[in-house]
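Notes follow the structure.
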Amino acid sequence: MNAVIATPHQHPKWSLRPHHWGRLDAHKIRIRIILAGLCRTDIQSMTGQRMIQEGRILGHEAAGIIEEIGAHIQHQSQIKGLEVGCRVAFFPFLPCQTCPACLSGERIDRCWKPQVVGMDVDGAFATYIDLPLEVIFRVDQTLPWEALAYAEPVAAALSALEVHEELTEQQSLGLLGSGRIATLTERILVEIAGKKVERIHENTPCNSLDALIETRATEATLKQAIDVLKPGGTLFVKSRPSGTVPWPHQYLVYKRIRVIGLHYGDFELGLDLMAQGTLDVRDCWGKVFPFTSEGIEKALEIEALGLETEGKLFFKIGVE
């Protein structure tokens, strides 16, 4: 039983080592991880760009099989269709249960102060992960493991559907950014929402669009976003950079730009869209690496090259 542990004061900043899981908390479910995806956030943690607590188990995009259900949530688990031996995916943000969104019963992705799996609590680059009932979802048992481990990026991209609540059909929409998350976001807007989307490039005219979604925030991309927006336009901020990004405050004020944050869409909806075949993301998947130090190093080497065409990389952690 192994886990990838954060070692922020050493080199490398991670270590694959044996780990012991004790008795299961009576209010949690233990999942045996089958497949885990390597995310940009994980790479930042494993390369020292993002500081993580010493000893924390990393990883947050994964899927597996229920190994054990806590004694105090047996009945609730049955109601939700969760039982030992079934395939599950999980949303990697644990709701605080104290913020207004949680207290009013909104979706778990609406929480204002979540704990992030693999950062604030132990993650999924491991043989097992213990999680609360509310973030675990039974899935179509015929979906491939790659789809289940890819459910988190799909949910992140589904947040783009919220533009419908803010824009009219006549308003133009642009997408700024490149790479897998930009491609997935565009696909959802076009194929699921039926929205016409313009990809922003260096020759996109200034003051030409009513709204824009950014998928990778830097000082330069934010400046470009405001350039191409019409005065009074809407900037949807979607990315979550590891560090502080200089914010063009005066420019935003001068052009009267409205800013709206996009966090996550409905996690269950993403699973349903993949199960129905409405959203085909198979071309977004890349290689599967063994869960060994050598396999992890190889995946990190590929990601370091910045080859977005490689697709999402996965680690094969367990077997059915």
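The values are calculated or read from the model by the stated rules, or taken from the named source; none is laboratory data. Quantities reported herein were computed from a predicted structural model and do not represent experimental measurements. Don't worry about glycine lacking a Cβ; one is built from the backbone with ideal geometry, like all the others, and counts go over all protein chains shown. Calculation scope for accessible area: heavy atoms of the full protein, side chains included, ligands and nucleic acids excluded. Shrake-Rupley method; radii C 1.70, N 1.55, O 1.52, S 1.80 Å.
The Rg/Rh ratio of the chain, with Rg taken over Cα atoms and Rh as the Kirkwood radius over Cα pairs, comes to 0.97.
Extent of region 97-244 along its three principal axes (Cα atoms, max minus min coordinate, largest first): 50, 36, 29 Å. Farthest towards the positive end of the charge dipole of the chain, among the residues Gly81, Tyr264, Phe315, is the Cα of Tyr264, using unit charges on the Cβ of Lys, Arg, Asp and Glu.
For region 76-90, the Karplus equation 6.51 cos²θ - 1.76 cosθ + 1.60, evaluated at θ = phi - 60°, returns couplings of 4, 5, 5, 4, 7, x, 9, 8, 4, x, 8, 6, 9, 10, 9 Hz by residue, with Gly and Pro reported as x. Over region 180-320, the alpha carbon radius of gyration divided by the compact-protein estimate 2.2 N^0.38 Å works out to 1.27.
Can you list the residues of region 92-135 with backbone N under 13 Å from a point 7 Å past the Cα of Met1, pointing along Cα to Cβ? In region 92-135, the label zone of Met1 (backbone N under 13 Å from the point 7 Å along Cα→Cβ) covers 126-130. Region 43-107 has equivalent-ellipsoid semi-axes of 27, 20, 11 Å, by the square roots of 5 times the alpha carbon gyration tensor eigenvalues, sorted largest first. Dimensions of region 155-238 from C-alpha coordinates, computed as largest minus smallest value along each principal axis and given longest first, are 28, 27, 18 Å.
For Leu175, the residues whose amide H sits under 5 Å from its own are Glu198, Arg199, Ile200, Ile213, ignoring neighbours fewer than 5 places away on the same chain, with H placed 1.01 Å from N. A convex hull fitted to the Cα coordinates of region 1-114 yields 130 cubic angstrom per residue. The average projected area of region 80-132, computed from the convex hull of its Cα atoms over all directions, is 4.3 nm². Other residues lying with their Cβ under 14 Å from the Cβ of Pro290 contribute a combined charge of +1, Lys and Arg counting +1, Asp and Glu -1.
When only the Cβ of Lys, Arg, Asp and Glu is charged (+1, +1, -1, -1), the dipole of region 182-258 relative to its Cα centre reaches about 200 debye. Ranking Pro18, Cys102, Ala71 by Cα position along the charge dipole of region 1-104, where only Lys, Arg, Asp and Glu carry charges on their C-beta atoms, puts Pro18 farthest toward the positive end. Put simply, the amide H of Glu61, placed in the peptide plane, has neighbours under 5 Å in Gly37, leaving out anything fewer than 5 places away on its chain. Fully extending the segment from Thr292 to Gln141 would add 51.7 nm, taking 0.36 nm per residue of separation and subtracting the current Cα-Cα distance. Using a simple spin-label model with pseudo-atoms 7 Å out from Cα toward Cβ, Glu106 and Gln76 lie 2.1 nm apart.
If R0 is 22 Å, the Cβ-Cβ spacing of Leu269 and Arg216 corresponds to a FRET efficiency of close to 0.35. Could you check how much of the accessible area of region 182-235 is carbon and sulfur, as a whole percent, using a 1.4 Å probe? Taking all protein chains in place, region 182-235 shows 48 percent carbon and sulfur surface. As a fraction of the 1.4 Å probe accessible area of region 51-99, surface on carbon and sulfur atoms comes out at 51 percent.
Which entries of Lys238/Lys287; Lys28/Lys80; Lys13/Lys238; Lys13/Lys298; Lys287/Lys316 show an alpha-carbon separation above 18 angstrom in the structure shown? Over 18 Å Cα-Cα: Lys238/Lys287; Lys13/Lys238.
Calculated mean residue ellipticity, 222 nm, the chain: -6000 deg cm²/dmol, from DSSP H runs (n ≥ 4) at -39500 (n - 2.57) each, averaged per residue and rounded to 500. Note on the chain: with a GNM built from Cα contacts shorter than 10 Å, the maximum mean-square fluctuation among Glu198, Glu310, Glu165 falls on Glu165.
Helix 267-276 and the longest principal axis of the Cα set of the chain meet at an angle near 90°. Counting only the Cα atoms, region 1-58 fills a convex hull of 105 Å³ per residue. Distances over 12 Å make up what percent of all Cα-Cα pairs in region 249-295? Tail of the P(r) past 12 Å holds 78 percent of the pairs.
For Leu279, the residues whose modelled amide H falls within less than 5 Å of its own, excluding neighbours fewer than 5 places apart on the same chain, are Met274.
Extension gain, Tyr254 to His27, is 76.6 nm, computed as 0.36 nm per intervening residue step minus the present C-alpha separation. Entry comment: accessible area of region 42-124 is 45 Å² per residue, from protein heavy atoms only and a probe of 1.4 Å. Each residue of region 187-192 is assigned a 3J(HN,Hα), and the resulting list reads 4, 5, 4, 7, 7, 9 Hz, derived from the Karplus form 6.51 cos²θ - 1.76 cosθ + 1.60 (θ = phi - 60°), x at Gly and Pro. The angle separating the long axis of helix 293-304 from the principal Cα axis of greatest extent in the chain is about 0 degrees. Projecting the Cα positions of Ile200, Cys39, Pro231 onto the charge dipole of the chain (unit charges on Cβ atoms of Lys, Arg, Asp and Glu, taken about the Cα centre) puts Pro231 furthest along the positive direction. Taking the C-alpha atoms only, the angle from helix 219-228 to the longest principal axis of the chain is near 50 degrees.
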